[in-house]
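This report concerns only the one structure given below.
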């Protein structure tokens with residue numbers, strides 16, 4: 001299935017040489033070194049952008065294939081302004097260029113400002129890189145007092161002010177969130193002390209999942225002032241998700257259309273209840289454990305925080321647990337949540353279905369070798385969840 005799916009994507013890209021960017025082997029041959037693709041973004045007929053990592057290292061970079069002469073010229077100009085080198089593999093349309101993360105046209109200035117703020121001796125270890133969007137890194141540096149320090153640094157192409165204010169508000173309410181501060185003076189970078197052992201997905205410690213459920217219920221219980229909303233309302237873009245899946249995985253087109261009809265004509269029409277503050281992307285890998293065997297936690301990655309029905313977060317957690325094959329984390333989470341607030345099984349199943357649909361293309365975007373099968377499995381999970389919603393509805 002994957003070979004046929006990759007051939008479809010190469011054809012969909014509509015750009016000469018696109019197939020070389022769709023596999024580690026093709027990228028390695030192009031770049032002349034053993035390379036692993038980490039994130040893929042496709043704009044049919046216009047561009048393919050892939051981020052990659054030198055195999056066995058934390059050296060990240062990007063490669064872009066595009067037909068736009070103006071954007072190609074601006075990419076070269078920005079790299080020169082940043083003092084960064086790029087490699088031009090083809091200087092005619094479709095243009096083919098690669099470079100280091102520091103030469104990213106949209107992130108380069110923001111990264112440079114954050115780097116300057118922490119000093120030239122700081123050691124950056126990049127954890128995640130989404131080209132043109134964001135970078136997450138662990139940085140070893142000297143504190144203001146001259147002591148060795150480790151911080152998690154987030155750098156974005158857009159403002160991160162909402163993350164800082166959300167973290168401050170949640171901390172003031174007693175929720176377990178690390179102290180976050182702006183970095184670099186441009187409003188596009190934050191820093192927080194490196195905390196804990198690992199996340200709950202990598203170390204599925206059941207008591208910590210129960211703690212997470214209780215603390216998320218406390219988050220959902222925070223008062224929300226309608227006259228002065230502190231966060232944006234999160235919308236459910238069912239049609240957008242369906243269109244994206246049908247374009248990349250056409251063998252699923254009929255099934256996602258049928259799924260969308262069930263979501264929008266019945267379940268989505270239910271009264272969602274009062275809006276609450278949401279994490280917005282809740283899953284076990286957004287919960288960090290203090291140490292092995294500890295139920296002391298921190299909630300991380302507040303990028304998608306917003307307002308909406310409480311079961312949206314709970315359904316997102318359920319979807320992640322089922323995808324990772326860890327139902328025990330779901331059971332423990334629900335037990336903790338129900339110590340504070342009641343759950344709605346029908347609404348939870350609805351939002352679980354939506355979470356599977358919304359994340360269906362993640363294996364494709366994350367360049368998983370067997371992405372086609374994994375996308376199909378997520379749609380199957382979405383179908384099962386929406387049926388469970390119907391069964392749970394009185």
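Site pair residue 142 and residue 368 shows an inter-label distance of 4.5 nm when each label is modelled 7 Å from Cα along Cα→Cβ. The Rg/Rh ratio of the range 198-392, with both radii computed over alpha carbons and Rh defined as the Kirkwood radius, is 0.96. Here r is the Cβ-Cβ distance between residue 34 and residue 233 and R0 is 51 Å; the resulting FRET efficiency, rounded to 0.05, is 0.65.
Rounded to the nearest angstrom and ordered from largest down, what semi-axes does the equivalent ellipsoid of the range 1-158 get from its C-alpha gyration tensor (root of 5λ)?
Details: eigenvalues 187, 62, 31 Å².
The three semi-axes for the range 1-158 are 31, 18, 12 Å.
Building the convex hull from the alpha-carbon atoms of the range 119-258 and averaging its projection over directions returns 12.9 nm². Here the calculated FRET efficiency for residue 274 and residue 159, from their Cβ-Cβ distance with R0 = 30 Å, stands at 0.60, rounded to the nearest 0.05. Using the Cα coordinates of the range 108-193, the gyration tensor eigenvalues translate into equivalent-ellipsoid semi-axes of 20, 17, 11 Å, sorted from longest to shortest.
Using the 10 angstrom Cβ neighbour count as an exposure proxy, how do 88, 206, 177 rank, fewest first?
Details: 88 13, 206 16, 177 21.
Lowest count first: 88, 206, 177.
In this simple spin-label approximation, residue 87 and residue 171 carry label points 7 Å from Cα along the Cα→Cβ vector, and these lie 4.2 nm apart. Calculated [222 nm] ellipticity per residue, helices only, for the chain: -13000 deg cm²/dmol; basis is -39500 (n - 2.57) per DSSP H run with n ≥ 4, divided by all residues, nearest 500.
The slack in the chain from residue 295 to residue 221, taken as 0.36 nm per residue of separation less the alpha-carbon distance, amounts to 24.5 nm. Computed from the C-beta positions of residue 57 and residue 254, the FRET efficiency with R₀ = 35 Å rounds to 0.20.
Rule-based calculations on the coordinates, nothing more; no lab input. Computed from a predicted structure; not experimentally measured. Because the Cβ atoms are built from the backbone with ideal geometry, glycine has one as well, and the counts that use them run over all protein chains shown.
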